[in-house]
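A short worksheet on the structure shown next.
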Amino acid sequence: MSAPAHKEPHSFGFDAESEAKIATILKRYPESKQASAVIPLLYVAQRQMGRLTGSAWVPRVAMDVIADRLSMPPIRVYEVATFYFMFNMQPIGRHHLQLCGTTPCMLRGSDDVLRACKDAGGVKGVGDTSADGMFTLTEVECLGACVNAPILQIDDDYYEDLSYESTVKLLEAFKRGERPKPGSAIGRMASAPAGEQTVLTGRGDE
Amino acid sequence: MAKVTIDGIEVKVPNGSSVLQACEAAGKEIPRFCYHERLSVAGNCRMCLVEVEKAPKPVASCAYPVMDGMKVFTDTPVVRNARRGVMEFLLINHPLDCPICDQGGECDLQDQAYAYGHDKSRYGEAKRAVKDKNIGPLIKTVMTRCIQCTRCVRFAAEVAGTPELGGTNRGESMEIGTYVEKALTSELSGNLIDICPVGALTSRPYAFVSRPWELRKTDGIDVLDAVGANIRIDTRGPEVLRILPRINEAVNEEWMADRGRFSFDGLKRRRLDRPWLRKDGRMVAASWAEAFGVIADKLSKTSADRIGAVAGSLADAESVLALKDLMAAYGSANLDCREDGAAIDGARPDFYRFNTTIAGIEDADALLIIGAEPRKEAPVLNARIRKRWAQGRFPVGFIGPAGIDLTYSAQHLGEGPVVISALLDGSHPFAATLKAAQKPMLILGRGAIARADGAAVLAAAWRLAAEAGMLKPDWHGFNLLHHFGGQVGSLELGFLPGQGGKDLAAMLGGGVDALWLLNADGFDPARIPASTFVIYQGHHGDAMAARADVLLPGAAYTEKDATWVNTEGRAQRSYRAIHPPGEAREDWRIIRAFSEGVGKTLAYNDLDALRARLASISPVFARIGEVAASGCADLAGPQAAMAMEAAPFRLPITDYHRADVISRASDVMAECASVYGPQQALAAE
């Protein structure tokens, strides 16, 4: 990828909240190995952008600032940032919908979730940002929560056991500015069996 | 040492060697793309697969260490099949555009596809296409051809020390580039073209010019810096089409600086191709006989102590000697080869040589750089310093302007001679660093002594070397870094003011009536008094030629058999690749012909006799390609009658791409200068 086509900010600086996080992060690495902090710092930058501008992405100036901070050549930061799709190299919507489409989720109805994202979220498809700037939809590979498939990761939270209807409800809540409780939409406890408990019930009839 | 059996051949290789190195030791050729002897191992092309006994699957030999008793098979059906598979994968996305690719005929991928490629493709889908990158005026990119071996990325980061290339994105979308479009800032960028195994990075000036099999290859020496990189001059007919480095481990390894590689188009422009005479203030074309007649007439009317000669930075040893002998025949001792006014002391060779030798840098354990910017003055030598620095435990101190990026971390000690004094009296902390080192060295820039107090700087630097333990019977850590290929040769021949002779400043100060300039373009022609009769012998119509009263057209370094001495004092031969244009002739022959015409015939009439005389004057010309074992037994240094001034050191080469007459005539270098050059130079043009 060559230089991005979207509008880049002219400058970037870490705010106090980010600086506090960076201070904690840098302490984890020895003096000459500070470059190891590049991924955590990219996250810090991305979250700061989300906090301040409503769009969690990493502009190039931010990568330059990180390179400078960690005494590494800027290209090494570009390499890392572009390698991991968790870092958004261009502006995204307020909420990042990361839909898992890998086999278990697909079998359990991720296509319905995708349809719900299009209908309720207003995105035209994978990679699109809704016209109101609320959502950006990305298709991701296995999120590792297959027991509770299908999964939609919104920003940092997992929403599980989704159906078309529950996804629509979820997105409507986000649009109202609410942040529903993450986890299963059908009320199951963590990854316990759906429905009522069938073993170790204490009924003594097994 | 590990004993390894390669296809039944038993070889012993050092522990830690790779299987690939063991295979090479056994004389087996292993195909490879990403592996390069001088770069770190990436192991990502998978072309070097071999079979190792008891290994369940083929192993990448470049990244697999040897073990004692290991049995390796390089040519089994498994190996061949595996390599065919790798080749098929590589060719999935590689365009089949060999007929329009500049790498065609010297392409690793093409060659290896002959051995391991299928005769047809099983891949029917669309190939991936990658947008070309603009990485400067020297390198043309066709990124669709890239096989992502990452040699260029590793070269830029490891050898050149300018980590600007990288692989961005991943998988199918991975691309090699700078991410943010920019021109590479390395002075060694041309080497990327050589190390690219495919046609992704090719020479922009050489684009669509020629095929390798059409070229005649001649061995030469790069004289545009004082490293003396060994080069191969590729010519077709009367034209130099490209210049490539040759391998010489002691000098340039296999690298070459950009100015030497790309400035040859300057050999075709602004050339002096016939003698010219100034008549009534205007230059008119003349014959050799007329030109010689005018010079002979002038010199015969001038007393010997009013005749002077200056040898320039691109003058070969043969012609310098011829000119020196001619001046001796006239009885003149007014000789000088220090165009920049550098206070070089010719009393002892180790006062002006790079005594540590270039390969010797790798043995040093501390370095002090005084008023030199090796990155611009000798990029290949700088790569050697960087190579040593990258091995660790190599403190580097730098005295000169602040904010200079040498491609390795150097402690900036200060800007002027005051730091040398502080190091001498031990008040500067870096003095302790030098003292603690076993084999410390210093590099004194020629620019640092090309100033009014140059002799004092030279003397102080030598004294510092002596006191810091750089001068030992088995280690010589005092080094002077010169700028051009002709400078040390003239010094070896003693082209310096003789008994009662005038130096350049005195000659320019009205000390002579006739001045013979041999390739001397290194000073401002306006300094020559108007009354002085100037004979300019050279190959380019630069500023100095415009001042001349007689122009004698000489040959450039690609156009003559010549001997060049690099900054170490290593004499090397270059051979004639093309003929000089028009009536221009080899320079020593011009002087020899002139001497005959004036009845002062020089005592040699062929190159062998001249070279025998060279060898009788200085032993460096008797051991071509070698340098004498270094070491310093005599600590007595050059003396200076003055004290050092406070003025900070200024770096001599401000515009790397336009530092000599050839590169100033080159369009390619002009484009580079406009991309990289200092902004003030642009404003002045």
Self-check item: From the options B:D265, B:D280, residue that is crowded, with 19+ Cβ neighbours inside 10 Å and charged (D, E, K, R)
Solution: B:D265
Self-check item: Top-ranked residue in region B:1-34 [being of a type in the set (S, T, N, Q) and in a loop (DSSP other than H, G, I, E, B); ranked as least open to solvent (accessible area, probe 1.4 Å)]
Solution: B:S17
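Across region B:637-666, which residue is most open to solvent (accessible area, probe 1.4 Å) among those that are among the hydrophobic types (A, V, I, L, M, F, W, C) and closer than 29 Å to B:L224 by Cβ?
Here the answer is B:A647.
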Exercise. Using the structure shown, decide if B:I139 is in contact (Cβ under 8 Å) with a residue 40 or more places away in the chain and more than 14 Å from every other protein chain (Cβ to nearest Cβ).
Key: yes
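Name the helices (runs of 4 or more DSSP H) wholly inside region B:341-449 in which the number of residues that are among the polar types (S, T, N, Q) and open to solvent by 10 Å² or more (accessible area, probe 1.4 Å) is 1 or more. Full working, then the answer.
On the way: elements: B:374-377, B:379-390, B:418-424, B:429-436.
Those helices (runs of 4 or more DSSP H) span B:418-424, B:429-436.
Go through region A:40-53 and give me each residue that's of a type in the set (A, V, I, L, M, F, W, C) and surrounded by fewer than 14 Cβ atoms within 10 Å (Cβ to Cβ).
Residues of region A:40-53 of a type in the set (A, V, I, L, M, F, W, C): A:41-42, A:44-45, A:49, A:52.
Within region A:40-53, A:L52 is the sole residue that qualifies.
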Self-check item: Single condition A:P30 does not satisfy, out of (1) within 14 Å of chain B (Cβ to nearest Cβ); (2) of a type outside the set (D, E, K, R); (3) more than 29 Å from A:L97 (Cβ to Cβ)
Solution: (1)
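Looking at region A:154-164, can you tell me whether even one residue there is of a type in the set (F, W, Y), open to solvent by 30 Å² or more (accessible area, probe 1.4 Å) and not in a helix (DSSP H, G or I)?
First, pick out the residues of region A:154-164 that are of a type in the set (F, W, Y): A:158-159, A:164.
Okay, now just the ones that are also open to solvent by 30 Å² or more (accessible area, probe 1.4 Å), so A:158, A:164.
Narrowing further to those that are not in a helix (DSSP H, G or I): A:158.
Looking for residues that are of a type in the set (F, W, Y), open to solvent by 30 Å² or more (accessible area, probe 1.4 Å) and not in a helix (DSSP H, G or I), one finds at least one in region A:154-164, hence yes.
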Self-check item: Qualifying positions in region A:17-39 - open to solvent by 70 Å² or more (accessible area, probe 1.4 Å) and closer than 23 Å to A:T82 by Cβ
Solution: A:K21, A:K33
Quiz item: If B:D111 passes every condition in (1) within 23 Å of B:P31 (Cβ to Cβ); (2) in a loop (DSSP other than H, G, I, E, B); (3) not hydrophobic (A, V, I, L, M, F, W, C) but one, which one does it miss?
Solution: (2)
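Do we have any residue at all in region A:48-63 that's of a type outside the set (A, V, I, L, M, F, W, C), more than 14 Å from every other protein chain (Cβ to nearest Cβ) and touching a Lys or Arg at 6+ places or on another chain (Cβ under 8 Å)? Show your work before the answer.
Pass one, region A:48-63, residues of a type outside the set (A, V, I, L, M, F, W, C): A:48, A:50-51, A:53-55, A:59-60.
Adding the requirement that they be more than 14 Å from every other protein chain (Cβ to nearest Cβ) leaves A:48, A:50-51, A:53-55.
After this cut, where a residue has to be touching a Lys or Arg at 6+ places or on another chain (Cβ under 8 Å) as well, the list is A:54-55.
Yes, region A:48-63 has at least one match.
Restricting attention to region B:143-169, and to residues there that are away from chain A (no Cβ under 11 Å) and touching a Pro at 6+ places or on another chain (Cβ under 8 Å), which single residue is nearest to B:C45 (Cα to Cα)?
Step one: of region B:143-169, the residues away from chain A (no Cβ under 11 Å) are B:144-149, B:151-152, B:154-155, B:158-160.
Filter again for touching a Pro at 6+ places or on another chain (Cβ under 8 Å), leaving B:144-145, B:147, B:149, B:151.
Values: B:T144: 16, B:R145: 14, B:I147: 8, B:C149: 6, B:R151: 11 Å.
Taking the candidates together, the pick is B:C149.
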Quiz item: Considering B:D608, B:D634, which residue is open to solvent by 60 Å² or more (accessible area, probe 1.4 Å), farther than 23 Å from B:G312 by Cα and not in a loop (DSSP other than H, G, I, E, B)?
Solution: B:D608
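Return yes or no: is B:L504 farther than 30 Å from B:I233 by Cα, surrounded by 23 or more Cβ atoms within 10 Å (Cβ to Cβ) and under 29 Å from the mean Cα position of the chain (by Cα)? Lay out the reasoning, then the answer.
On the way: farther than 30 Å from B:I233 by Cα: yes; surrounded by 23 or more Cβ atoms within 10 Å (Cβ to Cβ): yes; under 29 Å from the mean Cα position of the chain (by Cα): yes.
Yes.
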Quiz item: For B:A615, which of the numbered conditions (1) of a type outside the set (S, T, N, Q); (2) part of a helix (DSSP H, G or I); (3) touching a residue at least 60 places away in the same chain (Cβ under 8 Å) fails to hold?
Solution: (3)
Quiz item: Which condition number does B:K120 fail, the rest of (1) modelled with pLDDT of 95 or more; (2) surrounded by fewer than 20 Cβ atoms within 10 Å (Cβ to Cβ) being met?
Solution: (1)
Quiz item: Does A:M86 count as within 13 Å of chain B (Cβ to nearest Cβ) and aliphatic (A, V, I, L, M)?
Solution: yes
Practice problem: Answer yes or no: is there a residue in region B:322-330 that is part of a helix (DSSP H, G or I), within 26 Å of the chain's Cα centre (by Cα) and among the acidic types (D, E). | Solution: no
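Pull up region B:66-84, narrow it to residues that are open to solvent by 30 Å² or more (accessible area, probe 1.4 Å) and either part of a loop (DSSP other than H, G, I, E, B) or in contact with a Leu (Cβ under 8 Å, 6 or more places away or on another chain) (or both), then point me to the one that is farthest from B:S17 (Cα to Cα).
Initial filter on region B:66-84 (open to solvent by 30 Å² or more (accessible area, probe 1.4 Å)): B:67-69, B:71, B:73, B:75, B:77-78, B:80-81, B:84.
Now restrict to residues that are either part of a loop (DSSP other than H, G, I, E, B) or in contact with a Leu (Cβ under 8 Å, 6 or more places away or on another chain) (or both): B:67-69, B:75.
Working: B:M67: 9, B:D68: 11, B:G69: 14, B:D75: 20 Å.
Result: B:D75.
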Self-check item: Yes/no for B:Q110 being open to solvent by less than 20 Å² (accessible area, probe 1.4 Å) and within 39 Å of the chain's Cα centre (by Cα)
Solution: no
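Tell me, please, whether a residue that is among the hydroxyl-bearing types (S, T, Y), within 24 Å of B:E37 (Cβ to Cβ), more than 9 Å from every other protein chain (Cβ to nearest Cβ) and out of contact with any His (no Cβ under 8 Å at 6 or more places or on another chain) can be found in region B:181-191.
Of the residues in region B:181-191, the ones among the hydroxyl-bearing types (S, T, Y) are B:185-186, B:189.
Checking which are within 24 Å of B:E37 (Cβ to Cβ) leaves us with B:186, B:189.
Narrowing further to those that are more than 9 Å from every other protein chain (Cβ to nearest Cβ): B:186, B:189.
Add one more test, that the residue is out of contact with any His (no Cβ under 8 Å at 6 or more places or on another chain), and what stays is B:186, B:189.
So far as region B:181-191 goes, yes, one or more of its residues are among the hydroxyl-bearing types (S, T, Y), within 24 Å of B:E37 (Cβ to Cβ), more than 9 Å from every other protein chain (Cβ to nearest Cβ) and out of contact with any His (no Cβ under 8 Å at 6 or more places or on another chain).
Would region B:126-136 turn up any residue that is more than 14 Å from chain A (Cβ to nearest Cβ), assigned to a loop (DSSP other than H, G, I, E, B), without any contact (Cβ under 8 Å) to a residue 40 or more places away in the chain and open to solvent by 60 Å² or more (accessible area, probe 1.4 Å)? Show your work before the answer.
At the first step, the residues of region B:126-136 found to be more than 14 Å from chain A (Cβ to nearest Cβ) are B:126-127, B:136.
This time we only want the ones that are assigned to a loop (DSSP other than H, G, I, E, B), so: B:126-127, B:136.
Among the residues that remain, those that are also without any contact (Cβ under 8 Å) to a residue 40 or more places away in the chain are: B:126-127.
Within this subset, residues satisfying the condition of being open to solvent by 60 Å² or more (accessible area, probe 1.4 Å) are B:126-127.
Within region B:126-136, one or more residues are more than 14 Å from chain A (Cβ to nearest Cβ), assigned to a loop (DSSP other than H, G, I, E, B), without any contact (Cβ under 8 Å) to a residue 40 or more places away in the chain and open to solvent by 60 Å² or more (accessible area, probe 1.4 Å).
Any idea which of A:A194, A:A190 is out of contact with any Ser or Thr (no Cβ under 7 Å at 6 or more places or on another chain), on the phi < 0 side of the Ramachandran plot and assigned to a loop (DSSP other than H, G, I, E, B)?
Details: A:A190 fails: on the phi < 0 side of the Ramachandran plot.
Going through A:A194, A:A190 in turn, the sole match is A:A194.
Quick grid of which residues meet (1) of a type in the set (V, I, T); (2) touching a residue at least 24 places away in the same chain (Cβ under 8 Å):
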| site | (1), (2) |
| --- | --- |
| B:N169 | no, no |
| B:L201 | no, yes |
| B:V240 | yes, yes |
| B:A250 | no, yes |
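The values are calculated or read from the model by the stated rules, or taken from the named source; none is laboratory data. In this text, all values refer to a predicted model and were calculated from it rather than measured experimentally. Here Cβ is always computed from backbone atoms with ideal geometry, including for glycine, and neighbour counts include all displayed protein chains. Accessible surface areas use protein heavy atoms only, side chains included; no ligands, DNA or RNA. Shrake-Rupley method; radii C 1.70, N 1.55, O 1.52, S 1.80 Å.
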